[in-house]
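Asks: This is the structure, below, for whatever I ask next.
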Amino acid sequence: MPIVDRPIGMFDSGFGGLTVARALIDLLPSEDLVYIGDTGRYPYGSKPLHEVRRYASELAWSLVKDFGVKSVVVACNTATAAGLDDLRDELPVPVIDVIEPGARAVVTATESGRVGVIGTIGTISSGAYHHAISRTGAPVSLTSAACPGFVEFVERGQTTGDEVMVLAERLLAPIADARVDALLLGCTHYPFLARPISDVMGPGVTLVSSADETAFAARDTLASLGLLRDDEQTGKHRFLSSGDIDWFRHLGARLLGPELDHTEPWPPADRPLAGR
């Protein structure tokens, strides 16, 4: 198969990367997509980074070897923070991340120069967003906060309600106290909690999701390498899960839309899942 006709690969710890998949499907409707949600080992945010790095390598190489993808989108902030440089060094295809596009977007969105970022424990403690925002050269002040528990709510399909609001009010207090006017949702799960986060932060704070920016980055990278399809056909989308298939299909379809009407198991039955 010509390289240009190969699918775009994408992986996440679970459902969060579906926000990136949604943006990519809308932006590049003729491209094929293979998405692996590692729900058998989620959440990544509280795991040691060396362990997440091992998972990311396993997922990325599966996309390359098992599905012949032409690029890999790391649709997980924790995995990006843990192992992006390693993946770019070892993989034979372009690797697109979610952190750099998000960092560029949030510094563009601020007027006051006070920005915030929220993410998993692993992402925030890695300093990945601090370094990415510093590399933009923008004169901004950054306040960051880890939000343990947000991912679990999303993975259960619970994105509203009193429990979510109580947790959001507690975890977002340092960000609200810093009087930021732009808040980067530094986990691909968090856009599903945009309403309670917005309610806590108030109307004066712009929420920035890296999903759209990552889709633009993927388009630009593939275009620069001559790897974008230029036909009018509708792309095919494959979704795989390392956890419960029925649960992934049911909840994933609610979050993504009708494209996720079928889910396949990953990895193949003859290949054990490391670390489960």
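Asks: Please determine whether any residue of segment 88-96 is crowded, with 22+ Cβ neighbours inside 10 Å and not hydrophobic (A, V, I, L, M, F, W, C).
Replies: The answer is no; no qualifying residue exists.
Asks: Considering only segment 128-146, I want to know if a residue exists there that is among the charged types (D, E, K, R), in the same structural domain as Pro191 (by TED's automatic domain parsing) and part of a helix (DSSP H, G or I).
Replies: Scanning segment 128-146 turns up at least one residue that is among the charged types (D, E, K, R), in the same structural domain as Pro191 (by TED's automatic domain parsing) and part of a helix (DSSP H, G or I).
Residue by residue, here is whether (1) more than 23 Å from Leu222 (Cβ to Cβ); (2) touching a helix residue (DSSP H, G or I) at 6+ places or on another chain (Cβ under 6 Å); (3) in contact (Cβ under 8 Å) with a residue 24 or more places away in the chain holds:
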site	(1), (2), (3)
Leu33	no, no, yes
Gly40	yes, no, yes
Ala60	no, yes, yes
Gly68	no, no, yes
Ala79	no, yes, yes
Gly83	no, yes, yes
Pro94	no, yes, yes
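Asks: A follow-up question, please. Of all residues in segment 17-37, count the ones that are farther than 20 Å from Arg88 by Cα, buried (at least 24 other Cβ atoms within 10 Å of the Cβ), modelled with pLDDT of 95 or more and not aliphatic (A, V, I, L, M).
Replies: Of the residues in that region, 2 qualify.
Asks: State which residue is surrounded by the fewest Cβ atoms within 10 Å (Cβ to Cβ) when the search covers only segment 219-252 and only residues that are without any contact (Cβ under 8 Å) to a residue 24 or more places away in the chain and under 25 Å from Glu58 (Cα atoms).
Replies: It comes out as Asp246.
Asks: A further question follows. Got a sec? Which of Arg170, Arg156 is without any contact (Cβ under 8 Å) to a residue 12 or more places away in the chain, within 24 Å of Glu51 (Cβ to Cβ) and either surrounded by fewer than 21 Cβ atoms within 10 Å (Cβ to Cβ) or polar (S, T, N, Q) (or both)?
Replies: Arg156
For (1) among the basic types (Lys, Arg); (2) under 23 Å from Gly37 (Cβ atoms), each residue gets a yes or a no:
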residue: Gly204; (1), (2): no, no
residue: Ser209; (1), (2): no, yes
residue: Asp212; (1), (2): no, yes
residue: Thr221; (1), (2): no, yes
residue: Arg229; (1), (2): yes, no
residue: His237; (1), (2): no, yes
residue: Asp261; (1), (2): no, yes
residue: Pro267; (1), (2): no, yes
residue: Pro272; (1), (2): no, yes
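To keep it simple, each residue is scored yes or no on (1) farther than 20 Å from Ser125 by Cα; (2) outside the structural domain of Thr78 (by TED's automatic domain parsing); (3) more than 17 Å from the chain's Cα centre (by Cα).
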| position | (1), (2), (3) |
| --- | --- |
| Val166 | yes, yes, yes |
| Leu172 | no, yes, yes |
| Ala176 | no, yes, yes |
| Tyr190 | no, yes, no |
| Ile197 | yes, yes, yes |
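Asks: Six or more apart or on different chains, Cβ under 7 Å: which pairs go from a residue in segment 191-207 that's within 14 Å of Ala173 (Cβ to Cβ) to one that's part of a loop (DSSP other than H, G, I, E, B) and modelled with pLDDT of 95 or more? Could you list them?
Replies: Pairs found: Ile197/Leu172; Val200/Leu172; Met201/Leu172; Val205/Val180; Val205/Asp181.
Asks: Restricting attention to segment 2-15, does a residue exist that is among the basic types (Lys, Arg), modelled with pLDDT of 95 or more, crowded, with 21+ Cβ neighbours inside 10 Å and closer than 24 Å to Gly226 by Cβ?
Replies: no
Asks: Another question about this same structure. For segment 110-123, how many residues are under 18 Å from Gly45 (Cα atoms) and either part of a strand (DSSP E or B) or modelled with pLDDT of 95 or more (or both)?
Replies: Total satisfying the criteria: 3.
Asks: Which is outside the structural domain of Gln158 (by TED's automatic domain parsing), within 20 Å of the chain's Cα centre (by Cα), among the small types (Gly, Ala, Ser) and on the phi < 0 side of the Ramachandran plot, of Gly235, Gly252, Gly257?
Replies: Going through Gly235, Gly252, Gly257 in turn, just one is outside the structural domain of Gln158 (by TED's automatic domain parsing), within 20 Å of the chain's Cα centre (by Cα), among the small types (Gly, Ala, Ser) and on the phi < 0 side of the Ramachandran plot: Gly252.
Asks: Moving on to the next point. Would segment 48-55 turn up any residue that is of a type in the set (A, V, I, L, M), touching a Lys or Arg at 6+ places or on another chain (Cβ under 6 Å), under 30 Å from Val205 (Cβ atoms) and outside the structural domain of Phe192 (by TED's automatic domain parsing)?
Replies: Scanning segment 48-55 turns up no residue that is of a type in the set (A, V, I, L, M), touching a Lys or Arg at 6+ places or on another chain (Cβ under 6 Å), under 30 Å from Val205 (Cβ atoms) and outside the structural domain of Phe192 (by TED's automatic domain parsing).
Asks: While we're here: Hey, among the residues in segment 118-142 that are of a type in the set (A, V, I, L, M) and touching a helix residue (DSSP H, G or I) at 6+ places or on another chain (Cβ under 7 Å), which one's surrounded by the most Cβ atoms within 10 Å (Cβ to Cβ)?
Replies: Within segment 118-142, the match that is surrounded by the most Cβ atoms within 10 Å (Cβ to Cβ) is Ile118.
The values are calculated or read from the model by the stated rules, or taken from the named source; none is laboratory data. Remember, predicted model here, so these are calculated numbers, not experimental data. Cβ: placed from backbone, ideal geometry, glycine included. Neighbour counts: every protein chain shown.
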